[in-house]
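Enquirer: One structure follows; several queries about it will come next.
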Amino acid sequence: QVQLVESGGGLVQPGGSLRLSCTASRTIFSIYDMGWYRQAPGKQRELVATITPGERTKYADSVKGRFTISRDNAKNTVYLQMNSLKPEDTDVYYCNAHLSPAMDYWGRGTPVTVSS
């Protein structure tokens with residue numbers, strides 16, 4: 001079992017920045033694919049960004065050039081740096097750790113609101 005705890009969400013003005021963090025409970029964090037997803041009420045959860053153990057990254061088209069995912073295996077933590085935020089980035093952001101279909105874990109989410 002992997003427990004994931006997200007932090008860093010909040011209210012920010014359009015054009016601003018936030019940095020989300022997700023810390024995992026297990027020391028074998030380094031072997032998991034890690035990702036950030038987001039979900040608005042009544043909508044499907046969508047991929048924002050993922051990072052492999054080898055630090056290969058993948059981004060949704062809507063965030064390319066604005067968001068950066070990174071990981072620090074020594075701290076069991078994955079980050080999402082979000083710049084040039086837009087109102088449409090308003091969502092609850094969830095951290096995911098994936099090793100296999102049977103070893104797929106989610107955090108409880110951290111809300112991000114982009115509004116003036």
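The values are calculated or read from the model by the stated rules, or taken from the named source; none is laboratory data. Worth saying up front: this structure is predicted, and the values here are computed from it rather than measured. Neighbour counts run over all protein chains shown; Cβ positions are idealised from the backbone, glycine included. Ligands, DNA and RNA are stripped out before the accessible areas are found, and what is left, the full protein with its side chains, is counted by its heavy atoms. Shrake-Rupley method; radii C 1.70, N 1.55, O 1.52, S 1.80 Å.
To keep it simple, each residue is scored yes or no on (1) in a strand (DSSP E or B); (2) open to solvent by 10 Å² or more (accessible area, probe 1.4 Å); (3) without any contact (Cβ under 8 Å) to a residue 12 or more places away in the chain.
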{"position": "T23", "(1), (2), (3)": "yes, yes, no"}
{"position": "G35", "(1), (2), (3)": "yes, no, no"}
{"position": "G42", "(1), (2), (3)": "no, yes, yes"}
{"position": "V78", "(1), (2), (3)": "yes, no, no"}
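Enquirer: So, in the range 1-21, exactly how many residues are open to solvent by less than 50 Å² (accessible area, probe 1.4 Å), under 16 Å from T113 (Cα atoms) and in a loop (DSSP other than H, G, I, E, B)?
Expert: 3
Enquirer: Within the range 48-58, work out how many residues are open to solvent by 50 Å² or more (accessible area, probe 1.4 Å) and either within 21 Å of G10 (Cα to Cα) or assigned to a strand (DSSP E or B) (or both).
Expert: Selection size over the range 48-58: 2.
Enquirer: Can you pull out every residue in the range 59-76 that is closer than 13 Å to C95 by Cα and not in a loop (DSSP other than H, G, I, E, B)?
Expert: I69, S70, R71
Enquirer: Restricting the first residue to the range 87-108 and requiring it to be without any contact (Cβ under 8 Å) to a residue 12 or more places away in the chain, which pairs with a second residue that is surrounded by fewer than 18 Cβ atoms within 10 Å (Cβ to Cβ) and not hydrophobic (A, V, I, L, M, F, W, C) meet a Cβ separation below 9 Å and a spacing of at least six or different chains?
Expert: D104/H98
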